[in-house]
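Here is the structure we will look at, set down as structure tokens.
The values are calculated or read from the model by the stated rules, or taken from the named source; none is laboratory data. What you see is a predicted model; the values in this text were computed from it and never measured. Cβ placement follows ideal geometry from the backbone for every residue including glycine, while neighbour counts extend to all protein chains displayed. The accessibility values were calculated without ligands, DNA or RNA, using every heavy atom of the protein model including side chains. Shrake-Rupley method; radii C 1.70, N 1.55, O 1.52, S 1.80 Å.
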Amino acid sequence: MGRLELRTTFGEDAELYDRVRPTYPPALYDELAALVGNRPRVLEIGCGTGQATRPMLERGWSVKAVELSPELSRVARAKLPELEVITADFDTWPLPAERFDMVLSATAFHWLDPQTRMSRAADLLRPGGVLAVVSTHHVAGGSEQLWSDVQDCYRRFTTDADESGLPDPASVPDDPSEFDASGRFGPVTFRRFTWEATYTTAQYLDLLSSYSGHRALTTRARDGLYECIGALIEAAGGSITKSYLTQLSAANCLNQPLASG
């Protein structure tokens, strides 16, 4: 499957996605508030079922969201009735006249068209408004030996084993190149938050089922992979701890479109 096909898999089981997908560290929202103030108008790209959205609403922020999946949109509206969710493909969505204090995308920006995502986000911001891109990285920590052991399961049933090992959080680079190349943003601010989550065997297999790459496997390969991983987790005591790095990349919009021609 290519990018366009994979990004539609998340809505295949919206309730599962809502139940198992991790949220974000509270300190992330403190950093965002420091950038945009305590009452920003926010457009969120790819809200899913509201993992990053609820904390913003709880802070009294005005949030409007664009979500590709009708199924994920449905769950988000049911959970967060105060949220306006527009079901649309951001890449082709007709941009409104409204301008926002912040455009935020949490673990979704990489699914957008790299040729247009920076300029379209900038076009939605007021002068000086902030584009905030939040990414999630699997990093070293937690049950590292178990993570290493399960790679043998991936070698047996997929072509997606992690041969290089999990990176140290400090080695994940800060990369301003896309912001800089767009010509639409000022200097980029980076913030990092490392945290852990512990899963039972069933919870971890459910989490894997929310990832596009696992959903794209054949039934036979997925069943074999999950049986193999589940047996290893059970043998290790019935739980696995994952270490995550939440990375924030944010910059103020210069709001001057590049001249054409």
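Does Asp113 count as within 19 Å of the chain's Cα centre (by Cα), over 24 Å from Leu248 (Cβ atoms) and either of a type in the set (D, E, K, R) or buried (at least 19 other Cβ atoms within 10 Å of the Cβ) (or both)? When the stated conditions are applied, Asp113 does not pass them. Of everything listed in (1) open to solvent by 40 Å² or more (accessible area, probe 1.4 Å); (2) modelled with pLDDT of 95 or more; (3) β-branched (Val, Ile, Thr), the single unmet condition for Val134 is (1).
Cβ-Cβ contacts under 8 Å between residues 6 or more apart (or on different chains), taken from a first residue in segment 152-175 that is touching a residue at least 40 places away in the same chain (Cβ under 8 Å) to a second residue that is among the aromatic types (Phe, Trp, Tyr) and not in a loop (DSSP other than H, G, I, E, B), are listed as Asp160/Tyr154; Leu166/Trp147; Asp174/Phe190. Scanning segment 74-92 for residues that are in a loop (DSSP other than H, G, I, E, B) and farther than 22 Å from Leu124 by Cα yields a count of 2.
As a summary of the residue check, Leu95 satisfies the conditions (1) assigned to a loop (DSSP other than H, G, I, E, B); (2) within 20 Å of the chain's Cα centre (by Cα) except for the one numbered (2). A count restricted to segment 99-134 and to residues that are part of a helix (DSSP H, G or I) and touching a helix residue (DSSP H, G or I) at 6+ places or on another chain (Cβ under 8 Å) stands at 6. When Gly238, Gly213 are checked against the criterion of being at positive phi and either at pLDDT below 95 or open to solvent by 10 Å² or more (accessible area, probe 1.4 Å) (or both), a single residue qualifies: Gly238.
When we screen Glu12, Glu5, Glu44 for residues that are touching a helix residue (DSSP H, G or I) at 6+ places or on another chain (Cβ under 8 Å), of a type outside the set (Gly, Ala, Ser) and modelled with pLDDT under 95, the only hit is Glu12. For beta carbons closer than 7 Å, sequence separation of 6+ or different chains, a first residue in segment 23-45 that is free of Cβ contacts under 8 Å to residues at least 60 places away in the same chain and a second that is assigned to a loop (DSSP other than H, G, I, E, B), the qualifying pairs are Thr23/Gln51; Tyr29/Arg59; Arg39/Gly60; Arg39/Trp61. Scanning segment 167-207 for residues that are open to solvent by less than 50 Å² (accessible area, probe 1.4 Å), among the hydrophobic types (A, V, I, L, M, F, W, C), under 26 Å from Gly129 (Cα atoms) and assigned to a helix (DSSP H, G or I) gives a single hit, Phe179. Within segment 29-48, restricting attention to residues that are touching a Phe, Trp or Tyr at 6+ places or on another chain (Cβ under 6 Å) and open to solvent by less than 20 Å² (accessible area, probe 1.4 Å), which residue is farthest from Ala88 (Cα to Cα)? The residue in question is Pro40.
Would you mind stating whether Glu71 is part of a loop (DSSP other than H, G, I, E, B), surrounded by fewer than 21 Cβ atoms within 10 Å (Cβ to Cβ), charged (D, E, K, R) and out of contact with any Ser or Thr (no Cβ under 6 Å at 6 or more places or on another chain)? So Glu71 does not fit the description; no.
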